[in-house]
Amino acid sequence: MPLVKAGFVVLDCAEPEKLAEFYKELLEGEQTRATANQVEVRGADGTRLAFRRDMNATPPSWPRPENSLQAHLDFVVDDLDEAERRIVSLGGRPVEAKDAAGPYEERGFSDPAGHSFTMRRTPGTAPKQG
């Protein structure tokens, strides 16, 4: 029997209920637990995230070059355009408009609280040419 039974990525934010709703809808998942200071969600694929209330939380400044990226989330999708439309409809925003370097197509976004995340085309598709 494993010692650690579950793991979460926890994002600090001022309004965990609102941020949990954004990710619950984006990941087509469900809310699994809520307390006065933390909300947990599980995506349809099993991704587990939690959102902890911190009234002093400030969003990361990435991609501004004067501050390094400390952490971000990566998600894999089949259709980047469809994912971007969904993110924007839920209150997220694109933060990188140019094509990313590397073998896979990906786009950067921020959630409504300013946390950065990346949508990357499903592995197994042909690498970008050029």
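Counting just the residues of segment 89-130 that are acidic (Asp, Glu) and open to solvent by 20 Å² or more (accessible area, probe 1.4 Å), which one comes out modelled with the lowest pLDDT?
ASP99
Tell me the strands (runs of 3 or more DSSP E) entirely within segment 1-67 that contain at least 3 residues that are at pLDDT 90 or above, surrounded by fewer than 16 Cβ atoms within 10 Å (Cβ to Cβ) and not polar (S, T, N, Q).
Because the criterion is at least 3 residues that are at pLDDT 90 or above, surrounded by fewer than 16 Cβ atoms within 10 Å (Cβ to Cβ) and not polar (S, T, N, Q), the strands (runs of 3 or more DSSP E) in segment 1-67 that meet it are 30-34.
The values are calculated or read from the model by the stated rules, or taken from the named source; none is laboratory data. In this text, all values refer to a predicted model and were calculated from it rather than measured experimentally. Every residue, glycine as well, gets a Cβ built from its backbone with ideal geometry; the counts of neighbours run over all protein chains shown. Just so you know, the surface numbers come from the protein's heavy atoms only, side chains and all, with ligands and any DNA or RNA stripped out. Shrake-Rupley method; radii C 1.70, N 1.55, O 1.52, S 1.80 Å.
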